[in-house]
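Below: one structure, written as structure tokens.
Each value in this text was obtained by applying a stated rule to the coordinates, not by laboratory testing. Predicted model, so just to flag it, every value in this text is computed and none were measured. Counting neighbours? That spans all protein chains shown, and the Cβs are built from the backbone with ideal geometry, glycine included.
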Amino acid sequence: MQVHGLGRLIAEHPFFAGMAPEHRDLIGGCARNVRFGPSEYLFREGEPANEFFLVRHGRVALEINAPGRGPLRFLTVNTGEIVGEAWLVAPYRWIFDAQALELTRALSIEARCLRDKCEDNHDFGYEMMRRFMAMLVQRLHAAQLQILDVYGPGA
Amino acid sequence: MPVVARVQGRRRETRDTWTLAIDAGGFEFRPGQFNMLYAYGIGEIPVSLSGDPGTPGPLIHTVRAVGAVSEAITRLKPGDALGVRGPYGTAWPVAESQGSDVVVVAGGLGLAPLRPAIYRLIAERDRYGSIVVLYGTRSPADILFRRELERWRRRLDIEIEVTVDHADSLWRGHVGVVTNLIGRAAFDRHHTVALVCGPEIMMRFTAGALEAAGVAHERIFLSLERNMKCAVGQCGRCQFGPTLVCRDGAIMRYDRVSRLLPVREL
């Protein structure tokens, strides 16, 4: 029953829209349901990036703590989006904190499990990387716009 | 020639931005138009009208202190005189958008030229489909017209989303660029008109995101800013390819300027 439930949740998540059912089944084997209360951390900077999260409902703030300045929030991740990219490349460690701003329900995908399946099945691995790359490029462009500080003095 | 007008009132919006109510004897304008404001002895700048075109009363202008003239204007007190000529320029296609969804995307001070259009959309709410206002700015302290945004959000028949580029942990809202909000907003891409105003880089990214969301180029409108001087198409200072921004803009259709925007030499 639980596998069927997870399969449905994976199929409904926008990140996996249009993915072949057999590939979704591979992801389902690495997934579990998780829930975070308001202010609860999904992970902290420096911890091993053993998983990533598909936000099903809620909002998560990504932030870096700066001595003397406190946490600096640079992105919020919302329903239908992904939290975490550090699981993709060594050394697999988080470089920022992720904190739920409200009750957040998500699917956690176990990183080693998924990396192993990507290695074993390159069609599946390519499909996963293609989807992640699109998200990463979008976030890179957004980060470039943030760095430009277009609303700052002189804008 | 500018008319001699007097400041009736002023309100601080953010650290460096003020809204002035100016008694200029009353004249009509359309959403998106601008006036030339003259700080006597210092100079003249174009400033968009930010009040409600449907409400008689003083002219409302929101000015950010970024140069000698704008700093002088933001220092004016009630009773002080300034020169006003206008209104000039093209308008947001508010009436022309009736029957469509309308997505308003504002960046930073760009919310000010869009506010008259939002007032008109709200005044005739039944004539439009979904109305979505997406606003991005630098930080929570830089949010313009905050109380008004909160009031609009409480209406329940308009989607209002605000995001900031960075924040501390006291901010509970969105963090990230305004283009992130476009994919999350609910509108019919085939029947949507988009009104966009902000720094030009932000507008280029926003137009790209709207295009990616399926909104046609000819249904996207931008407010361009170039070195406007005379405001009547005579001096040529604001030439932008084959157009003069003061005469043919400042509001232009994206399909007519999209190829010009990335050209450095213009």
Inset, instruction - Step through the residues of the stretch A:108-118 one at a time and calculate ³J(HN,Hα) from phi using the Karplus curve (6.51 cos²θ - 1.76 cosθ + 1.60, θ = phi - 60°), rounding each to whole Hz and writing x for Gly and Pro. - result: 9, 10, 6, 5, 4, 4, 6, 4, 4, 5, 5
Inset, instruction - Using R₀ = 41 Å, calculate the FRET efficiency as 1/(1 + (r/R₀)^6) where r is the Cβ-Cβ separation of B:R146 and A:T79; round to 0.05. - result: 0.95
Inset, instruction - List B:C230, B:C197 from most exposed to least, where exposure is judged by having the fewest other Cβ atoms within 10 Å. - result: B:C230, B:C197
Legend entry - the stretch B:110-187-the stretch B:28-76 distance, computed between alpha-carbon centres (Å): 22 Å
Legend entry - Expected 222 nm ellipticity per residue - DSSP helices of 4 or more, -39500 (n - 2.57), all of chain B, to 500: -5500 deg cm²/dmol
Legend entry - Pairwise centroid distance, computed over Cα atoms, of the stretch A:83-99 with the stretch B:211-266, Å: 42 Å
Legend entry - Distance histogram in 5 Å bins (all Cα pairs of the stretch A:1-76, percent per bin): 3, 12, 20, 20, 16, 13, 8, 4, 3, 1
Inset, instruction - Would you work out the charge dipole size for the stretch B:1-137 about its Cα centre, treating the Cβ of every Lys and Arg as +1 and the Cβ of every Asp and Glu as -1, and quote it to the nearest 20 debye? - result: 340 debye
Legend entry - Among B:Q234, B:Q33, B:Q98, residue whose mean-square fluctuation peaks in a GNM of chain B (springs only between Cα atoms under 10 Å): B:Q234
Legend entry - Residue with peak Gaussian network fluctuation, chain B [Cα springs, cutoff 10 Å], from B:T14, B:T137, B:T192: B:T14
Legend entry - Three principal axis lengths of the protein assembly as shown [C-alpha, angstrom, descending]: 76, 47, 44
Inset, instruction - Rounded, prolate or oblate: pick one for the stretch A:65-119, where a ≥ b ≥ c are the square roots of the eigenvalues of its C-alpha gyration tensor, a/c under 1.5 means rounded, and failing that, prolate if a/b is larger than b/c, else oblate. - result: oblate
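Tally Lys/Arg at +1 and Asp/Glu at -1 over every other residue whose Cβ is under 11 Å from the Cβ of B:V245; what's the total?
Every neighbour counted, the sum reads +2.
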Inset, instruction - Quick one: net charge around A:D123, please, counting Lys, Arg +1 and Asp, Glu -1 for every other residue with C-beta under 14 Å from its C-beta. - result: -1
Inset, instruction - Can you give me the P(r) profile for the stretch B:1-143? Cα pairs, bins 5 angstrom wide beginning at 0, each as a whole percent. - result: 2, 10, 19, 22, 19, 14, 9, 4, 1, 0
Inset, instruction - Specify, per residue and in Å³, the volume enclosed by the convex hull of the alpha carbon atoms belonging to chain A. - result: 125 Å³
Inset, instruction - Just name one of B:G54, B:I122, B:A213: the one whose Cα is farthest towards the positive end of the charge dipole of the protein assembly as shown (beta-carbon charges, Lys/Arg +1, Asp/Glu -1). - result: B:G54
Inset, instruction - Please give the residues of the stretch B:178-221, grouped as numeric ranges, whose backbone N is less than 17 Å from a label point set 7 Å along the Cα-to-Cβ vector of B:L266. - result: B:196-208, B:217-221
Legend entry - Nearest 10 degrees, 0 to 90: helix B:200-212 Cα axis against chain B principal axis: 30 degrees
Inset, instruction - Quickly estimate the mean residue ellipticity at 222 nm for chain A, helices only: each DSSP H run with n ≥ 4 gives -39500 (n - 2.57), and the total goes over all residues, rounded to 500. - result: -11500 deg cm²/dmol
Inset, instruction - Just order B:256-265, A:143-152, B:122-131, B:54-63 by mean Cβ neighbour count inside 10 Å, highest at the front, would you? - result: B:54-63, A:143-152, B:122-131, B:256-265
Legend entry - Ascending count of other beta-carbon atoms within 10 Å, so fewest first, for A:H57, A:H23: A:H57, A:H23
Inset, instruction - Please give the direction-averaged projected area of the C-alpha convex hull for chain B, in square nanometres with one decimal. - result: 13.8 nm²
Legend entry - Neighbour-count ranking [beta-carbon atoms within 10 angstrom, fewest first] of B:T90, B:T206: B:T90, B:T206
Inset, instruction - May I ask for the percentage of alpha-carbon pairs in the stretch B:99-138 that lie more than 17 Å from each other? - result: 27 percent
